[in-house]
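Chemist: Starting off with a structure, shown below.
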Amino acid sequence: MVAAMPELPEVEVSRQGLLPYLTGQRITGAIVRVDKLRHPVSPALGNRLTGLRLNTIRRRGKYLLFDCTSQSGGGWLLLHLGMSGSLRLVPPDTPAQKHDHFDLLFEQTVLRLRDPRRFGLLLWHAGETIDAHPLLACLGVEPLSEAFDGEWLYSATRHRRAPIKPLLMDARVLVGIGNIYASESLFLAGISPLRAAGNVGRSECATLADAIRQTLQQSIAAGGSSVRDYVHSDGGAGCFQLSCAVYDRKGLSCHACGTPISAIRQAGRSTFYCSRCQV
Ligand SMILES: [Zn+2]
């Protein structure tokens, strides 16, 4: 069972699912039903957005960046799903339910944000570019970008004494690797989460980089096959059931060798691993 927090694959699938419906569409309004999520939400958001055309939706880490720039100004809507946020498309005039905090209105459809725990984020950023925004500028490498590979991981981890797993989850180093994906990638690569990052060798770094990509892409593919349902569903937080080899399997047999899966705490988070397969 996978935790309900949206991770990089869920955010990416939301993006891919929304693009065909929203690209190039004119925003006819916005409804803000909440004062504050993680930060205060500006009641003026509606005025800023109304009349703008949505050029595209980008992703940086787990942030969705709605590009509403134009020659006459415009800007960006920056959205983060937090702990429990989800996006869906609903027909115009669909009544809002509890926890539906924000609507972005288009002529044919409504993009609706539901966020029961209110850790999400909605911000307006005026101007041409958004990459230098303080929330984005400090983010590390995108694991699905060309910049990320074994060589990059090897150089980024030299002289690091911290264990490899918390380092993989450090957004200043690498973005979007949550607890589940860190645990699963390390299992796939056969590397113990306890290893000092600086002691993971060059070929192991290559194996681990591949494992990270593969784990994320599998999850995106699993979600991608149900994108249509996903963006139109009225369901939960939109998490994909990843079939986990180690995550949340404490005491259960390793599928590869039968050893009971170990669970420990690392940097305040649960780590699951096989003490025989991962060295
Ligand atoms: Zn094993």
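The values are calculated or read from the model by the stated rules, or taken from the named source; none is laboratory data. What you see is a predicted model, and the numbers here were worked out from it, not measured in a lab. Virtual Cβ from ideal backbone geometry, glycine too; neighbours counted across all protein chains shown. Accessible surface areas use protein heavy atoms only, side chains included; no ligands, DNA or RNA. Shrake-Rupley method; radii C 1.70, N 1.55, O 1.52, S 1.80 Å.
Chemist: What is the residue count in the stretch 80-132 for residues that are in a loop (DSSP other than H, G, I, E, B), more than 17 Å from PRO6 (Cα to Cα) and charged (D, E, K, R)? Write out each step before concluding.
Modeler: So in the stretch 80-132, the residues in a loop (DSSP other than H, G, I, E, B) come out as 81-85, 91-99, 107-109, 115-120, 127-132.
Those still in the list that are more than 17 Å from PRO6 (Cα to Cα) too: 91-98, 107-109, 127-132.
Adding the requirement that they be charged (D, E, K, R) leaves 93, 98, 107, 128, 131.
Looking only at that region, the number is 5.
Chemist: Go through the stretch 141-188 and count every residue that is within 19 Å of SER219 (Cα to Cα), part of a helix (DSSP H, G or I), among the polar types (S, T, N, Q) and out of contact with any strand residue (DSSP E or B) (no Cβ under 8 Å at 6 or more places or on another chain).
Modeler: 1
Chemist: Among (1) open to solvent by 80 Å² or more (accessible area, probe 1.4 Å); (2) at pLDDT below 95; (3) within 16 Å of the ligand (Cβ to nearest atom), which single condition is VAL279 missing?
Modeler: Exception for VAL279: condition (2).
Chemist: Given the structure, is PRO193 open to solvent by less than 10 Å² (accessible area, probe 1.4 Å), closer than 30 Å to HIS125 by Cβ, touching a residue at least 24 places away in the same chain (Cβ under 8 Å) and in contact with a strand residue (DSSP E or B) (Cβ under 9 Å, 6 or more places away or on another chain)?
Modeler: Here the answer is no, as PRO193 does not meet what is asked.
Chemist: Also, quick follow-up: Taking the stretch 265-276 as the region of interest, how many residues are open to solvent by 50 Å² or more (accessible area, probe 1.4 Å) and either of a type in the set (Lys, Arg) or touching a residue at least 12 places away in the same chain (Cβ under 8 Å) (or both)?
Modeler: Residues that pass the stated criteria total 5.
Chemist: Residues being free of Cβ contacts under 8 Å to residues at least 12 places away in the same chain and in contact with a helix residue (DSSP H, G or I) (Cβ under 6 Å, 6 or more places away or on another chain): count how many of those fall in the stretch 42-98.
Modeler: 0
Chemist: Go through the residues of the stretch 9-26 one by one and say whether even a single one is at positive phi, open to solvent by less than 50 Å² (accessible area, probe 1.4 Å) and in contact (Cβ under 8 Å) with a residue 24 or more places away in the chain.
Modeler: Keep residues of the stretch 9-26 that are at positive phi, which gives 24.
If we keep only those that are open to solvent by less than 50 Å² (accessible area, probe 1.4 Å) as well, we get 24.
Next, from what is left, pick out any that are in contact (Cβ under 8 Å) with a residue 24 or more places away in the chain: 24.
Yes, the stretch 9-26 contains a residue that is at positive phi, open to solvent by less than 50 Å² (accessible area, probe 1.4 Å) and in contact (Cβ under 8 Å) with a residue 24 or more places away in the chain.
Condition check ((1) away from the ligand (no atom under 16 Å from the Cβ); (2) of a type in the set (Ser, Thr, Tyr); (3) modelled with pLDDT under 95; (4) open to solvent by 30 Å² or more (accessible area, probe 1.4 Å)) across all residues:
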residue: SER226; (1), (2), (3), (4): yes, yes, yes, yes
residue: CYS244; (1), (2), (3), (4): no, no, yes, no
residue: LEU252; (1), (2), (3), (4): no, no, no, yes
residue: GLY258; (1), (2), (3), (4): no, no, no, yes
residue: ALA263; (1), (2), (3), (4): no, no, no, yes
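Chemist: Next question. So which residues in the stretch 47-68 are open to solvent by 10 Å² or more (accessible area, probe 1.4 Å) and under 19 Å from LEU105 (Cβ atoms)? Break it down into steps so the answer makes sense when it comes.
Modeler: Of the stretch 47-68, the ones open to solvent by 10 Å² or more (accessible area, probe 1.4 Å) are 47-48, 50-53, 55-56, 58-60, 62-63, 67.
Scanning the stretch 47-68 gives ASN47, ARG48, THR50, GLY51, LEU52, ARG53, ASN55, THR56, ASP67.
Chemist: Got a number for residues in the stretch 125-144 being more than 27 Å from ARG48 (Cα to Cα) and open to solvent by 40 Å² or more (accessible area, probe 1.4 Å)?
Modeler: Number satisfying all stated conditions: 1.
Chemist: Another one. Filter the strands (runs of 3 or more DSSP E) completely within the stretch 1-78 down to those with at least 3 residues that are over 24 Å from the mean Cα position of the chain (by Cα).
Modeler: 27-32
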